[in-house]
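Have a look at the structure below before the remarks.
Readers should treat all values here as calculations from the given coordinates under stated rules, not as data from a laboratory. As the structure is a computational prediction, the values presented were derived from the model and not from experiment. Virtual Cβ from ideal backbone geometry, glycine too; neighbours counted across all protein chains shown.
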Amino acid sequence: MSTTIAPPAPRHGIPPGPRTKPRAAAAATGESAGARWVLIAVALAYLFLFLGLPLFVVFQEAFKKGVTAYFTALKEPDLLYALKLTLIVAGIAVPLNVLFGLSAAWAITKGKVRGHALLVALADLPLAVSPVIAGLTFMLLFGMQGWFGPWLKAHDIQIAFTVTAVVLATIFVTLPFVARELIPLMEEQGVTEEEAAVTLGASGWQIFRRVTLPNIRWGLLYGVVLCNARAMGEFGAVSVVSGRIRGQTTTLPLHIEILYNEYDFTAAFAASSLLAMLAVVTLAAKHLLERSHHAARARIIQEQQERQP
Amino acid sequence: MSVELDRVSKQFGEFTALDQVSFAVGEGELVALVGPSGSGKSTLLRVVAGLERQDAGTVRIHGEDAAPLGPGDRRIGFVFQHYALFRHMTVFENVAFGLRVRPRRERPSGSDIKAAVKDLLALVELDTLGARYPSELSGGQQQRVALARALAVQPRVLLLDEPFGALDARVRKQLRQWLRRLHDEVQVTTILVTHDSEEACEVADRVAVMHDARIAQIGTAAELARGSANPFLESFLAENTRKSAAVKKINYH
Amino acid sequence: MSVLPARRVAPALPRVRSVLPGVRLTLGFTLAYLLVLVVIPLSTLFVRSARLGWTGFLEAATSDRAIAAYRLSVGASVTAALVNGVFGLLVAWVLTRYRFPGKSIADALVDLPFALPTAVAGVALTTLYAQNGLIGALLAPHGIKVAFTPLGITVALTFIGLPFVVRSVQPVLETLPKEIEEAAATLGADRWQTFRRVILPALTPALVAGVSLSFARAIGEYGSVVFISGNMPGFTEIAPLLIMSKLEQYDYGGATAIAVVMLLLSAVILIGAGLLQRRAAKRAA
């Protein structure tokens, strides 16, 4: 050992020294109770201001003119139609995207396809695109000036400004949600169980139903909940392609816009309250599923770690 | 006495980690705390450091009651089993940390800090690695950086919590001899916690054996080698102490 | 033992090496789905822009009105993302480290912008911040107008981006080893120093990721902003609103030009943020 350092004597002018004023000993590594409560208060105030108040306002305005007015507004035929259309659109978009999510996840994770990074990037792309731009692309395809415009006109088929366009736009916008949950989940789970099933003679469908599906159910449900919330609430893309034909192509969010622009606030917020209640249910479902979903993933990671020598 | 514990007790919920432990370490001594997992040795160390608060009893460091002092004020150095180096800082910045966070009035100048860190890195034989990041170093090197970092603030007591536990056997053997040589040079009061009784006997002046939240026996490695009334200790120490006492004789005298 | 027939690989699809059945089928479906629903629609943008020719494109993309829209969009989105960066970090900290009544409700509520339709958020925020709204009325006496101003747009964008920072930081904060903070404490650092020098740098990659996600979401946002902005060209017209306006006038070319510029802008900023994040992550690895 070359150098010698003698602790008691100061070296290089650095005096050893206790702090001139020792701090009051709080919990070993934590903030003081005072600081803690200030931080909590500020955080809660921020959440209340930006999240709590808007939610509150929806219900406040909906019931402003009383409960009877609220229910009268809800029974209006155009509103009921909008609600029905929203449910139909979601009822088509969500299952299709579930099918897509399952297919993509199976092909990518069980099939070990090359270039899967590109597939994942493509599947994520709708998230990066503004909904208005998404709507624009469908108009560029099916609008009068669009690629298929003349062909459609010649065959007397109308897609733009119809329910079909609304469904297509919604599928585009909500495409990633299920896939994004399933791909990492199935990747972590690996192929060994499915391979074992193959050696035991199971067919593809049997393997999926009996081996894969039980393992992914929480992630799948979680993805469905998110996908559905987005599908029912989509506004920008649908706004562009629907033409807002009242009673025909207006989904609930579009109908809310129409009511609001006509200053029919009670009706607008009554309709909004339906979607807000859906949002609260979505949050609750998400919160509950998250725990099972993440617990399942954590268990997988733990098992993998234990397996390693 | 450098460190004194007087009837210290600590419970975690239902579990008793320390049961009226009394213990003293002399100035400049290197004492090892050995025992199986759950015996309370890490808890004892952390109570001395101020990282845990005892439920009963007093801890005195250099005669002062340590109760009103937090871990930063007790002038202790702590080395963790998994190094706890600051991964976003270079080796140099890690070692300099304790000096840089001193309040303005007590803070040494930049050049003083630089010189002190240089000396410390030389002491732990890592002079050329100042600009590296912890992720670029081996486990043994990281632990030496952690030691240099702890020594930078000139602690009165050095506390080592299973410092070599995360390293492979060969590196562990090298480092424990190196630690003994370091201690002989720097002569800071040191408490070393380990589950390896061979390590304890090889390195320490005195060894305290902990079992079930209490200190079962304290003595030099030689004394312990002579045997023990306690059957548990007998089996626990049997091989290791006799071997190590002999080894120690060869190396250091 | 029977001889298994040689496997024939269909030339049209990429080579598939797998024992599990159904891969070719699912891969085919996935590719077709993506082609029809993602690749073809998005490519129309570039084809249509090409049709405009360079001069046409530049004219539409760089008009005064368009430039004002970009500036407003980027400015408001960056501000909102930064506000969310600061307060999102705070919220993540409080949710991870402390216990207090109503914590799980607060935690679930953070995701509200994901779950609430943008139109509902839009009308609610406008009502809240209008001159006679709950908050608007409080601010009016001080001469602060929120609805129908760029400030209102920023508020709406802050709402929409709120979850991203919180959810990016939370997992990192949860798994931060406490020994690091203990080490800093034993070395004499006080709580603020420990936060600033030890904890914050470890969180930086997640923070950057969250802020850029918040930004990306904000810049394309339409539903929550269209009500509160008032759509005044040159003043409160963000880029998505301008696109919508052009569409209503059947100016598809103009709309496309602006859309392409927006996509390029977002791509540049996101790639930049990705690089920043990778650099910060390398150190903290």
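For chain C, return all DSSP H helices satisfying: extent of Cα atoms along own axis at least 24 Å; mean Kyte-Doolittle hydropathy at least 0.5.
C:40-61, C:64-97, C:150-174, C:200-219, C:252-284
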- Message: Checking a compactness column here: for chain A, what do you get for Rg(Cα) / (2.2 N^0.38 Å), N being the number of residues?
- Response: 1.44
- Item | Percentage relative contact order, chain B, counting C-alpha pairs under 8 Å, at least six apart | 26 percent
- Message: Debye calculation, C-alpha points only, no solvent: report log10 I(q)/I(0) for region A:55-152 at q = 0.11, 0.14, 0.16, 0.19 Å⁻¹, in the same order as the q values.
- Response: -0.67, -0.90, -0.99, -1.08
- Note on the structure: Relative to the compact-globule estimate 2.2 N^0.38 Å (N residues), the Cα gyration radius of chain C stands at a ratio of 1.29
- Provide the descending list of Cα extents for region B:4-69 along its principal axes, expressed in whole angstroms. 34, 26, 18
- So who's got an amide H within less than 5 Å of the one on B:Ala56, skipping anything under 5 residues away but keeping other chains? H placed 1.01 Å off N, in plane. B:Ser9
- Task: Count charges around C:Ala273 for me, please; just the other residues with Cβ under 14 Å from its Cβ, Lys/Arg as +1, Asp/Glu as -1.
- Result: +3
- Return the FRET efficiency for the residue pair A:Ala295, A:Leu49: r is the Cβ-Cβ distance, R0 is 45 Å, and the value is rounded to the nearest 0.05. 0.85
- Message: Order B:53-64, B:100-111, B:147-158 from most to least packed using the mean count of other Cβ atoms within 10 Å.
- Response: B:147-158, B:53-64, B:100-111
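What ranking, highest mean first, results for peptides B:11-17, A:79-85, C:247-253 when packing means the other Cβ atoms within 10 Å averaged over each residue?
Put in order of decreasing packing, that is A:79-85, C:247-253, B:11-17.
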- Check B:Ala17: other-chain or 5+ apart residues with amide H under 5 Å from its amide H, H built from backbone geometry? B:Lys10, B:Gln11, B:Phe12
- Query: What nm value, rounded to one decimal, do you get for the distance between B:Lys114 and A:Thr72 when each label is placed 7 Å out toward the C-beta?
  - Reply: 8.2 nm
- Over the Cα atoms of region B:123-210, Rg to Rh with Kirkwood Rh, two decimal places? 0.95
- Task: Can you put A:Trp205, A:Trp106 in order of Cβ neighbours within 10 angstrom, beginning with the fewest?
- Result: A:Trp205, A:Trp106
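Other chains' Cβ within 10 Å of C:32-39 residues: what's the mean?
6
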- Item | Computed over chain B, Kirkwood Rh from alpha-carbon pairs, angstrom | 18.8 Å
- Report the calculated FRET efficiency for B:Ser37 and A:Leu213 (r = Cβ-Cβ distance, R0 = 41 Å), to the nearest 0.05. 0.50
- Relative to the longest principal axis of chain A, what angle (0 to 90°, nearest 10) does the C-alpha long axis of helix A:252-261 take? 80 degrees
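When B:Trp178, C:Trp93, C:Trp54 are ordered from fewest to most other Cβ atoms inside 10 Å of their Cβ, what list results?
C:Trp54, B:Trp178, C:Trp93
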- Message: Let me confirm one metric for peptide C:122-132, namely the mean number of other chain beta-carbon atoms within 10 Å of its residues' beta-carbons.
- Response: 6
- Query: Regarding the protein assembly as shown, what whole-number volume in Å³ per residue does the convex hull of its Cα atoms give?
  - Reply: 235 Å³
- Note on the structure: Footprinting proxy, A:Val67, C:Val225: sorted fewest to most Cβ within 10 Å, the residues are A:Val67, C:Val225
- Using the eigenvalues of the Cα gyration tensor, what equivalent ellipsoid semi-axes result for region C:144-208 when each is taken as the square root of five times the eigenvalue, whole Å, largest first? 35, 14, 7
- Message: If you split all Cα-Cα distances of region B:11-155 into 5 Å bins from zero, what percentages do you get per bin, shortest first?
- Response: 2, 9, 16, 18, 17, 15, 12, 7, 3, 1, 0
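Using only Cα atoms, figure out Rg for region C:65-149 and give it as a multiple of 2.2 N^0.38 Å.
Working: Rg = 16.3 Å, N = 85, 2.2 N^0.38 = 11.9 Å.
In units of the globular-protein estimate, region C:65-149 measures up at 1.37.
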- Test item: Cα-centred dipole of the protein assembly as shown, Lys/Arg +1 and Asp/Glu -1 on Cβ, debye: 1040 debye
- Query: Helix A:116-128: angle to the longest alpha-carbon principal axis of chain A, degrees 0 to 90, nearest 10?
  - Reply: 70 degrees
- Query: What are the extents of the Cα atoms of region A:152-309 along their three principal axes, listed from largest to smallest and rounded to whole Å?
  - Reply: 68, 43, 22
- Note on the structure: Output field shielding_mean for A:121-131 (other chain Cβ, 10 Å radius) holds 6
- Two-site FRET efficiency, A:Arg114 against C:Asp64, from Cβ-Cβ distance with R₀ of 41 Å, rounded to 0.05: 0.25
- Query: Out of every Cα-Cα pair in region C:123-177, what percent are more than 14 Å apart?
  - Reply: 60 percent
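Tell me, what is the Rg over Rh of region C:109-261, with Rh the Kirkwood radius over Cα pairs?
Here Rg/Rh amounts to 1.13.
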